[in-house]
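Read through the structure below, which is laid out as structure tokens, and then see the notes.
Only the coordinates and a few stated rules stand behind these numbers; no lab work does. If you're wondering where the values come from, they're calculated on a predicted model, not measured in any experiment. When we count neighbours, we look across all protein chains shown, and the Cβ atoms used for this are built from the backbone with ideal geometry, even at glycine.
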Amino acid sequence: MRRLRLFLRGRLFPLALLLLFALLAGIVLAVRLPRLLAPVALMERAFSLLAAAITLVLEDLPERKIAKLALLCFLPWVGPILVLIFSETEKRPRTFKTAGEGGSLFSRVAATAERLKGTHVARGHIEYFSSGEEMRAALLADLKGAKRRIYLEYYIIAEGKFWGEILSLLEEKAKRGVDVRVIFDDFGCSLTLPARYAKSLASRGIKTAVFSRLRPQRGLTRRDHRKLFLIDGVCYTGGINLADEYVGERIRFGRWKDSAVRAEGDVSGFEEVFLKTWYALTRSKGTHVQPKEEAGGVPFCVLSDGTKRDGRLFPLLLPLLIASARKSICLSSPYLSLPHAAMQALFAAAASGVDVRLMIPHIPDKRLVFFLTRAYARELGEKGVKVREYAPGFLHAKSIAIDGECALVSSYNLDFRSLYVQAECGLFAEDPALAEAVERDFRTCFEEGCPLKKANPFIRALGRLAMLFAPLT
């Protein structure tokens, strides 16, 4: 009931009414007018041909072009309107060779990230958390010791016990002169925070910026999906949002499985990610914490993507990560819809004898998205990828471990939205200890999991149809 009240009073309700009106009007146009008036039907065909021509001419991902053309075929009137107005284009990822070919996987990934995003290789001590409960204690301890700066950038912040603990410390630190800044996504927090929550935080001395405020005239797809918590020379990132279900205070969809990392050392790359977003939202600058020199730390680099339509890093790197595996690769993601290049890389790795394993949820949080996830998982399972579903509950962890040598813990889901649309970030490290921890955690979940449910021919056909439109989700 609380979520329903927040929805009715919040920013999504008028948008939902507008979308419902547009849908009903489209249904009327699609069903009634073409049958009644031949000229209207002719106009519809001309409109669809125009939309098809524009779709083919504009630069976009091949998968998205195919999905848009299918939309024109299936939905008279409504299809062209969706293609021309609501569906945004994505530039193809750059196809230059990844830098440093011939070296280690980490050197190639780091050099490519530096070339495309300006991210440098840093060193530090990395700690892996296999659950929100583990991260919570360390995070609160670091918060209590903050002296200079605290930066937060999150897709979801939800009122509750966990956020209450953090908020009280943020307010206390702000009163003591610590530079406290918070960025939260307006859509991600639309059902978890009141409409004027930014003003409430500002009244507590906490500088606040809201990412892409919801407006009817704006697109709703480009969101800030990052999970980033910076405390002086320490950074937390991964899949854990600031809500009670992530730390076991609230039960949703069974046991909530997530992961995160804590990096201590040179975290200036993550600070740069935060401050660029802060400047874009507020036109005010921040200052970096002087990087800490960590003797004996492991090398890592920051992988990040904003919401711009070109220069995306992770779609370029994902096939490279998969193709570089020689012994094993373990991938976990709550949502799955991969572009052709990544699917082919997984097929090739499995065919070459690499132990390719994928973990997805068994209990869904969004049923339609889960249906699509299973459709892609079945395709991979049929080509030699070992796929299991996390049976105890909802798997929200987003991690990759490769050959027991390198690991990625991030906010990236393995779907089109994370790869091409949303702002994301993560930590990629050449650290056998981290890779072993991620893989050990993955294999524990894999053993607790259950086989992918078999589908009858009708469900399989619907799944293939859903995969056709996946690039537009």
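General observations
- Residue order, fewest to most beta carbons within 10 Å, for Val438, Val210, Val28: Val28, Val210, Val438
- Under 15 Å from the His340 label point (7 Å along Cα→beta-carbon), backbone N, segment 459-473: 468-471
- Applying the Kirkwood pairwise sum to the alpha-carbon positions of segment 359-432 produces a hydrodynamic radius of 13.7 angstrom.
- Lys276/Ser203 FRET efficiency (R0 22 Å; Cβ-Cβ; nearest 0.05): 0.25
- Placed amide H near Leu336: partners under 5 Å, 5+ positions off or other chain: Thr373
- Estimated D of the chain in µm² per second, where Rh is the Kirkwood radius over Cα pairs and Stokes-Einstein applies at 10 °C, 1.306 mPa s: 68 µm²/s
- The length gained by stretching the chain between Leu462 and Leu368 to full extension, at 0.36 nm per residue less their Cα-Cα distance, is 32.7 nm.
- Debye equation applied to the C-alpha atoms of segment 314-472, log10 I(q)/I(0) at 0.15, 0.16, 0.18 Å⁻¹: -0.75, -0.86, -1.12
- Between the alpha-carbon centres of segment 313-365 and segment 107-159 there is a gap of 24 Å.
- P(r) tail fraction, segment 124-300 - alpha-carbon pairs more than 23 Å apart, %: 39 percent
- A protection proxy built from the mean count of other Cβ atoms within 10 Å ranks the segments 236-246, 62-72, 141-151, 322-332, most packed first, as 236-246, 322-332, 62-72, 141-151.
- Summarising the label geometry, the points placed 7 Å from Cα in the beta-carbon direction at Ile251 and Arg196 lie 3.8 nm from one another.
- Relative contact order for the chain, counting Cα pairs under 8 Å that sit 6 or more residues apart, in percent: 17 percent
- Put simply, segment 105-164 fits an ellipsoid with semi-axes of 30, 14, 14 Å; these come from the alpha carbon gyration tensor as the roots of five times its eigenvalues, largest first.
- Percent antiparallel among DSSP beta bridges (both partners in the chain, rounded to 5): 60 percent
- Placed amide H near Leu452: partners under 5 Å, 5+ positions off or other chain: Glu389
- Antiparallel %, DSSP beta bridges [both residues in segment 314-472], to 5: 60 percent
- For segment 270-276, putting each phi into the Karplus relation 6.51 cos²θ - 1.76 cosθ + 1.60 with θ = phi - 60° gives couplings of 5, 4, 4, 4, 5, 5, 5 Hz, in residue order, rounded to whole numbers and with x for Gly and Pro.
- Inter-label distance for Leu56 and Lys386, nm, one decimal - labels placed 7 Å from Cα along Cα-to-Cβ: 4.6 nm
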